[in-house]
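The values are calculated or read from the model by the stated rules, or taken from the named source; none is laboratory data. Quantities reported herein were computed from a predicted structural model and do not represent experimental measurements. When we count neighbours, we look across all protein chains shown, and the Cβ atoms used for this are built from the backbone with ideal geometry, even at glycine. Ligands, DNA and RNA are stripped out before the accessible areas are found, and what is left, the full protein with its side chains, is counted by its heavy atoms. Shrake-Rupley method; radii C 1.70, N 1.55, O 1.52, S 1.80 Å.
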Amino acid sequence: MSILFAQAQYVPVTCSRVLCLRSPENESSFHECFIMAAEGVDATILQLLQDNDGLDTKDIARQLGKDHQLIVGAVKSLQSLGDVITAEQRVSKWWELTGEGRQVAENGSHEAVLYRAIPPEGVLQKQLMESIPNAKVGFSNAMKKKWIQMDKTGANGPVLKQAVSAIEDEVQKTVQDIAANQGEGVDNKVKQEMKKRKLIQEVTMNSFVLKKGSGFSTSVTKLDTDLTPEMISSGLWKEKKFKPYNFDALGVPPTSGHLHPLLKVRAQFRQIFLEMGFTEMKTNNYIESSFWNFDTLFVPQQHPARDEHDTFFIKDPMYAQGFPEEYMEKVKTVHSKGGFGSQGYQYEWKREEAQKNVLRTHTTAVSARMLYQLAQQQKDGFKPVKLFSIDRVFRNETLDATHLAEFNQIEGVVADYNLTLGDLMGVLHAFFKKLGIEKLRFKPAYNPYTEPSMEVFSYHEGLQKWVEIGNSGVFRPEMLLPMGLPEDISVIAWGLSLERPTMIKYGIDNIRELVGHKINLQMVYDNPICQLTS
Ligand code: PHE
């Protein structure tokens, strides 16, 4: 409809149902009425061309008493039918009278009007000047032309008298002449003078010269633009002629389409991982079973993190199905009895607890699934991998200026033969260096699934202090060996939030200004692209 509305200017000229334009719920009747109007003109133009080639749309408009734009619109629609007509653009220029010019053509020049207003005995200048329009110009021109004279001897002020018995109003004649033949045949100097007096103006107009095309006919059928369900079911589409798509047409420019800062920073992190040879993991499941989110990661079933206070549990469906049973058995054993050189947690592991659906609390659940999958695929030995993910996770946390119940995690995982803590530190240095962060410190930490575990700190030049930027570790054998990974494969991994570096990068100190319904969209439009390197 927007295209039709853009042409709405054509409608009022020809359409008696123009009122339908005003009511938006009446779009279809507006549509019909526009088509009606345009179709009539189409047919008339073809009829005119039948007997007369080389018609100018400007003349057609004048002849039909229609707005020129309407004729041009009809020509465009005829052109879309193929070779029915040809239209060549022509620029025409002519002179026409201004409002003041029309006044002069009708009543005479200002000086003539003033001259004629003076009675034989003369009149007080003051009185005359107040009684006729454009008296100032008229007075000065009439004086210049010596048509009038001034007598200053009177006691009541200057008196004006006619100085000649008859005048010839050349200006009126010229203006009338120009009106009659659009300025043709009138000396250019004269026209410039009239223009200077603002009596005439030059008009430029683009019109089209129309000729019959190779497929000319006066009875063209309008091509259909819409294929409707009715046409398909009745088979009518077979007989219909459809308008070809115009793939050159420019689309409507979108009024938005800006990337949110989080997306910009995500793109930059993704770029860094890709440069370092990492492959992105599939993270397309927000809902995860406790089994993959916790149990496979050797998180005991009574761990505080599994508490409702930290984890969102799903009510419906409450339990997940379809686990790899053999592997699940191994996970159960390593938790309850130990194995692979570990004594386990020595508690009664419950399947029901592992089945509970949760909103994943970390993307390490995705890494666990991936590592298990890779362990199953190793026919000719395990191939080292470097993996990453960046996606949303959920925590049932108290909301404050820097925490929401959902955020994005960035996670890197490297699985290779005999990796050590030194490799982890090395890869963390390489990764953060690409972010422009060179000063790193590591602090021993605890995760149920990594040993050793380290928190990563970097020196923040702006804040002048060490800030925590991530968590990392070497995955425990209790996690990797039940999956079936070879014993000499170690997996190092680290995780950080996407929000934190974004807030630092864009100088945002309240997470609600970055995420949620309170954000100022202008902030999204105005922020520059992200360049993490310093
Ligand atoms: N899963 C951890 C967290 O949510 C991050 C992490 C990933 C730690 C990988 C160690 C290894 O904070």
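If you rank Leu404, Leu297 by how much accessible surface each has, with a 1.4 Å probe, what is the order from largest down?
Leu404, Leu297
Among DSSP beta bridges lying fully in the chain, give the percent that are antiparallel, nearest 5.
Restricted to the chain, the bridges split so that about 95 percent are antiparallel.
Once the convex hull of the C-alpha atoms of segment 303-343 is built, how many Å³ does it hold per residue, rounded to a whole number?
Cα-based convex hull of segment 303-343, divided per residue, equals 87 Å³.
Provide the descending list of Cα extents for segment 405-534 along its principal axes, expressed in whole angstroms.
53, 30, 24
If you average the C-alpha positions of segment 497-521 and of segment 228-305 separately, how far apart do those two centres end up, in angstrom?
Computed from Cα coordinates, the inter-centre distance equals 22 Å.
What list of ³J(HN,Hα) couplings, whole Hz, do you get for segment 336-351 from phi and the Karplus terms 6.51, -1.76, 1.60, once you set θ to phi - 60° and write x for glycine and proline?
Result, ordered by residue: 7, 10, x, x, 6, x, 10, 8, x, 9, 6, 9, 8, 6, 10, 4 Hz.
Whole-Hz Karplus ³J(HN,Hα) for segment 198-211, in order, using 6.51 cos²θ - 1.76 cosθ + 1.60 and θ = phi - 60°, x for Gly and Pro?
Per-residue couplings from phi come out as 6, 9, 9, 9, 8, 10, 10, 9, 8, 10, 10, 9, 9, 9 Hz.
Just reorder His429, His68, His335 by solvent-accessible area, largest first, 1.4 Å probe, all chains present.
His429, His68, His335
Once both axes come from the Cα atoms, what is the angle between helix 68-79 and the longest principal axis of the chain, in degrees from 0 to 90, rounded to 10?
50 degrees
Long-range amide H contacts for Arg90: which residues qualify at under 5 Å (H placed 1.01 Å from N, peptide plane, sequence gap of 5 or more or a different chain)?
Hits under the 5 Å cutoff: Ser207, Phe208, Val209.
Normalised by the empirical 2.2 N^0.38 Å for globular proteins, what value does the Cα Rg of segment 149-193 take?
Its radius of gyration relative to the 2.2 N^0.38 Å reference: 1.87.
Using a 1.4 angstrom probe, figure out how much accessible area the chain has per residue, in square angstrom, rounded to the nearest whole.
That works out to 57 Å² for each residue.
As a test of the formula, what do you get for the chain when each DSSP H run with n ≥ 4 contributes -39,500 (n - 2.57) and the sum is divided by the residue count, at 222 nm and rounded to the nearest 500 deg cm²/dmol?
-10500 deg cm²/dmol, from helical runs alone.
Sort segment 196-264 into rounded, prolate or oblate with this rule: let a ≥ b ≥ c be the square roots of the eigenvalues of the Cα gyration tensor; rounded if a/c is under 1.5, and if a/c is not under 1.5, prolate when a/b is larger than b/c, oblate otherwise.
oblate
If you stretched the chain out fully between Lys518 and Met425, how much longer would it get, using 0.36 nm times the residue separation minus the C-alpha to C-alpha distance?
29.6 nm
Cα-based Rg (one decimal) and Dmax (whole number) for segment 149-255, in Å?
According to the Cα coordinates of segment 149-255, Rg and Dmax are 32.2, 99 Å.
What share of all Cα pairs of the chain, in percent, falls into each consecutive 20 Å distance bin?
Answer for the chain: a P(r) of 15, 25, 18, 22, 14, 6, 1 percent.
Beyond 29 Å between alpha-carbons counts as too far, so tell me which of Lys189/Lys212; Lys315/Lys383; Lys66/Lys240; Lys439/Lys505; Lys350/Lys383 fall in that bin.
Going by Cα-Cα distance, Lys189/Lys212; Lys315/Lys383; Lys66/Lys240; Lys350/Lys383 fall outside the 29 Å limit.
Report, in degrees rounded to the nearest 10, the 0 to 90 angle that the Cα long axis of helix 364-377 makes with the longest principal axis of the chain.
Taking the Cα atoms of the chain, the angle to 364-377 is about 70 degrees.
Mind giving me the FRET efficiency for Glu461 and Glu275? R0 is 25 Å, r the Cβ-Cβ distance, nearest 0.05 is fine.
0.55
If you find the alpha carbon centre of segment 168-225 and of segment 348-414, how far apart are they in angstrom?
Segment 168-225 and segment 348-414 have Cα centres separated by 76 Å.
Return the carbon/sulfur percentage of the accessible area of the chain, one whole number, probe 1.4 Å, all protein chains in place.
Within the chain, the accessible surface is 51 percent carbon and sulfur.
Please give me, ordered by residue number, the GluC sites (Glu not before Pro) of segment 390-438 that lie in loop per DSSP and have at most 15 other Cβ atoms within 10 Å.
Passing both the DSSP loop test and the Cβ count: Glu397, Glu438.
Checking a compactness column here: for segment 92-133, what do you get for Rg(Cα) / (2.2 N^0.38 Å), N being the number of residues?
Against the compact-globule rule of thumb, the ratio is 1.57.
Rank these by accessible area, largest first, 1.4 Å probe: Arg360, Arg90.
The most accessible residue leads, giving Arg90, Arg360.
By how many degrees, between 0 and 90 and to the nearest 10, does the Cα long axis of helix 27-51 differ from the longest principal axis of the chain?
Its long axis makes an angle of about 50 degrees.
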